[in-house]
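Student: To start, I am sharing the structure in question, which I have written as structure tokens.
No lab work stands behind these numbers, since they all come straight from the coordinates. Keep in mind that what you see is a predicted model, and the values were worked out from it rather than measured. Note: ideal-geometry Cβ built from the backbone for every residue, glycine included; neighbour counts use all protein chains shown.
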Amino acid sequence: MLKEGALAPDFTLLADTGEEVTLSSFRGSKVVVYFYPKDDTPGCTKEACSFRDDYAQFTALGAVVIGISPDSAASHAKFRLKFDLPFYLVSDPDHSVAEAYGAWGEKRNYGRTYEGIIRSTFVVGEDGALIKVFGKVKPEGHAQEVLPYLQ
């Protein structure tokens, strides 16, 4: 996992809207980049809705929110529409961006070991450096944990 103070790896990924989203295009603004395992699953829905419910506070602080998972842009579009999500959902199908951030690795569930997304959030400063890194995030209410790092 990346450390606070490190430069956030730049990326260009396809969004649910069909447009490409490039992290460096938001220089001058703070950006919240959160990695989640799968669209429309209970934990991921709680986390996304947490960001949605507090989105006005994020925009009031001038922050951009980007959710990243390996799901397709079409899957993201359905997820966004179903839950009225007002922020970018971008597709990282080969998990190369997740790997660059340290958000991809070994997971264990019910005695099974596999590779997957490690739910994590990165607050990127106006200069592209990481202000805060949240590893192994609990989805419910997570947005409230992030907000203080945007002020």
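Student: Checking the condition touching a Ser or Thr at 6+ places or on another chain (Cβ under 9 Å) and either crowded, with 21+ Cβ neighbours inside 10 Å or farther than 23 Å from Thr17 by Cβ (or both), which residue from Glu99, Glu140 passes?
Tutor: Glu140
Student: Within the range 87-119, track down each residue that is outside any strand (DSSP E or B) and touching a strand residue (DSSP E or B) at 6+ places or on another chain (Cβ under 8 Å).
Tutor: Residues satisfying the conditions are Phe87, Asp92, His95, Val97, Ala98, Tyr101, Gly102, Ala103, Ile118, Arg119.
Student: Quick check: is even one residue across the range 35-45 farther than 21 Å from Leu147 by Cα and in contact with an Asp or Glu (Cβ under 8 Å, 6 or more places away or on another chain)?
Tutor: yes
Student: Out of (1) without any contact (Cβ under 8 Å) to a residue 24 or more places away in the chain; (2) of a type in the set (S, T, N, Q); (3) part of a helix (DSSP H, G or I), what's the single condition that is false for Gln144?
Tutor: Every listed condition holds for Gln144 apart from (1).
Student: Could you give every pair whose Cβ atoms fall below 6 Å, whose first residue belongs to the range 25-50 and is under 17 Å from Ala129 (Cβ atoms), and whose second residue is buried (at least 20 other Cβ atoms within 10 Å of the Cβ) and among the aliphatic types (A, V, I, L, M), counting only separations of at least 6 or pairs across chains?
Tutor: From the range 25-50, the pairs are Lys30/Ala63; Val31/Val124; Val32/Ala63; Val32/Val65; Val32/Val123; Val32/Val146; Val33/Ile66.
Student: May I pose another question? Could you pull out the residue among Ile131, Ile117 that is buried (at least 20 other Cβ atoms within 10 Å of the Cβ), touching a helix residue (DSSP H, G or I) at 6+ places or on another chain (Cβ under 7 Å) and aliphatic (A, V, I, L, M)?
Tutor: Ile117
Student: Right, another one. Which members of the range 11-26 meet the condition of being surrounded by fewer than 14 Cβ atoms within 10 Å (Cβ to Cβ) and charged (D, E, K, R)?
Tutor: Of everything in the range 11-26, those that are surrounded by fewer than 14 Cβ atoms within 10 Å (Cβ to Cβ) and charged (D, E, K, R) turn out to be Glu19, Glu20.
Each row is one residue, and each column tells you yes or no for (1) in contact with a Gly (Cβ under 8 Å, 6 or more places away or on another chain); (2) within 20 Å of Lys3 (Cα to Cα).
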site: Thr17; (1), (2): no, no
site: Pro42; (1), (2): no, no
site: Ser50; (1), (2): yes, no
site: Asp53; (1), (2): no, no
site: Gly62; (1), (2): no, no
site: Ile66; (1), (2): no, yes
site: Lys132; (1), (2): no, yes
